[in-house]
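Student: My questions will all concern the structure given below.
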Amino acid sequence: MTSMREAGIDLSAIEHNVRTLRELTGTPEFIAVLKADGYGHGAVDVARAALAGGATRLGVADIGEALALRDAGIDAPVIAWLHAPDETFVEAVARDIQLGISSLDQLNAAATAGGAVVHLKLETGLARNGLSPQDWSTVFAEAARLERDGLVRVDGVFSHLSNTSDEEDLVQLRRFEVGVAAAEAAGLRPSVRHLAATAAAIALPQTRFDAVRIGIGLYGLSPFEGRTSADLGLRPAMTLRAQVVAVRRVPAGHGVSYGYAHRTHGEATLALVPLGYGDGVPRQASGVGPVVIGGQRFHVAGRIAMDQFVVDVGDHPVSVGDEVVLFGDPASGAPAAEEWADAAGTINYQIVTGIGRRVPRVAE
């Protein structure tokens, strides 16, 4: 390790996951989703690995994220879909960033920027951003007019599923199909229809259309309860680890960390780990978050603090400098990110995305 704490990012796992999901879905286009700094993995390195694995496009939430990719020299097609109310799109269009459009105002702003490539987002039931069905005919007609005038090019139509149940997702699918048909009836000819993110891309083939948008699966994590990464043929890309920075031997009944929520059952060795909720290790996992030290599994002892937590290793030999693995690829013996999610009452998405910038990302 080059630091007392780090997140190792296995870029070969990213490539593997893209190839695996490309083979499964068989869509002409594959959109690798890199929002929130590549779900905490480092967007630039992940983008390069995803493209090497066969991704054809990249997706981000906002224009700032897209510009960061351009600044790093990445010239693949990038779409950004969440915009400030007063966004002008001038720089985005100048840097060849495609725009997800969720309102008539956004469409007009894109036209004013001149030559924008847009994807019209349809609201199909998630109740977030997207064109409301009552506005479809108006916006589609205006988009067709602007396209004829050379002010925009409608490259895509898309929506996003709730992942509530297959039945609910199929209701949204039918609404999406109605919207696509209405767009085509207005004279639009989008080349990329995209609806499915990782869960639907795997489980609902009828939602794949021309492209899938792969987020959590790109990073080797499962979007399903009860189905692991290995079940899906994916490899987790992030391993969160640290070095033991202090060791002390204490007597039975010794309190550990704030509030003494943990007391030693007998004489025990305590190992101090320099990661805390300031680094994204969830405080809610206090007392239960799993770690591996020296090939043996333990749990956090007591409360997780802002910068550190303690592990009660009993009589297990441990020394300053020993590696502590919080999560990674279970095939290597590491706890899974899902175990930390379960311990904290959250989801694996939040565990990896929440790892803070104080933790260096190290490409492997």
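Student: If I go through segment 67-78 residue by residue, how many of them are at negative phi and out of contact with any helix residue (DSSP H, G or I) (no Cβ under 8 Å at 6 or more places or on another chain)?
Tutor: Our first condition is that a residue be at negative phi; within segment 67-78, this holds for 67-72, 74-78.
Pick out the ones that are also out of contact with any helix residue (DSSP H, G or I) (no Cβ under 8 Å at 6 or more places or on another chain) and you get 70-71, 75, 77.
Adding up the residues that qualify gives 4.
Student: What helices (runs of 4 or more DSSP H) lie completely within segment 128-227 and have 2 or more residues being among the aromatic types (Phe, Trp, Tyr) and more than 27 Å from VAL18 (Cβ to Cβ)? Reasoning before the result, please.
Tutor: Numbers: elements: 136-148, 166-185, 198-203.
Fully inside segment 128-227 and qualifying: 136-148.
Student: Turning to a different aspect of this structure: Quick check, is ALA285 without any contact (Cβ under 8 Å) to a residue 60 or more places away in the chain, buried (at least 20 other Cβ atoms within 10 Å of the Cβ) and in the same structural domain as VAL320 (by TED's automatic domain parsing)?
Tutor: Values: without any contact (Cβ under 8 Å) to a residue 60 or more places away in the chain: yes; buried (at least 20 other Cβ atoms within 10 Å of the Cβ): yes; in the same structural domain as VAL320 (by TED's automatic domain parsing): yes.
When the stated conditions are applied, ALA285 passes them.
Student: Here's a follow-up. Please work out if GLY217 is under 27 Å from the mean Cα position of the chain (by Cα) and farther than 23 Å from GLN98 by Cβ. Spell out how you get there, then give the answer.
Tutor: Values: under 27 Å from the mean Cα position of the chain (by Cα): yes; farther than 23 Å from GLN98 by Cβ: no.
When the stated conditions are applied, GLY217 does not pass them.
Student: Then there's this: In this structure, is VAL18 within 12 Å of the chain's Cα centre (by Cα) and either outside any loop (DSSP other than H, G, I, E, B) or not assigned by TED's automatic domain parsing to the domain that holds PRO205 (or both)?
Tutor: Details: within 12 Å of the chain's Cα centre (by Cα): no; either outside any loop (DSSP other than H, G, I, E, B) or not assigned by TED's automatic domain parsing to the domain that holds PRO205 (or both): yes.
In short, no.
Student: Can you tell me how many residues in segment 113-153 are exposed (fewer than 14 other Cβ atoms within 10 Å of the Cβ) and closer than 20 Å to HIS83 by Cα?
Tutor: 5
Student: While we're on this one: Considering GLY259, GLY187, GLY217, which residue is farther than 30 Å from LEU146 by Cα and surrounded by fewer than 22 Cβ atoms within 10 Å (Cβ to Cβ)? Before the answer, list the steps.
Tutor: Working: GLY187 fails: farther than 30 Å from LEU146 by Cα; GLY217 fails: surrounded by fewer than 22 Cβ atoms within 10 Å (Cβ to Cβ).
Matching residue, one of GLY259, GLY187, GLY217: GLY259.
Student: Assess whether GLY226 counts as being at positive phi and in contact with a strand residue (DSSP E or B) (Cβ under 7 Å, 6 or more places away or on another chain). Reasoning before the result, please.
Tutor: Working: at positive phi: yes; in contact with a strand residue (DSSP E or B) (Cβ under 7 Å, 6 or more places away or on another chain): no.
In short, no.
Student: Also, I was wondering about something else. Is at least one residue of segment 158-170 at pLDDT 95 or above, in the same structural domain as ASP86 (by TED's automatic domain parsing), in contact with a His (Cβ under 7 Å, 6 or more places away or on another chain) and surrounded by 15 or more Cβ atoms within 10 Å (Cβ to Cβ)?
Tutor: Yes: one or more hits.
Student: Within segment 256-296, count every residue that is within 29 Å of the chain's Cα centre (by Cα) and of a type in the set (A, V, I, L, M).
Tutor: So the count comes out to 8.
The values are calculated or read from the model by the stated rules, or taken from the named source; none is laboratory data. Since this is a predicted model, take the numbers as computed values, not measurements. Using ideal geometry, Cβ is built from the backbone for each residue, glycine included, and neighbour counts are taken over all protein chains shown.
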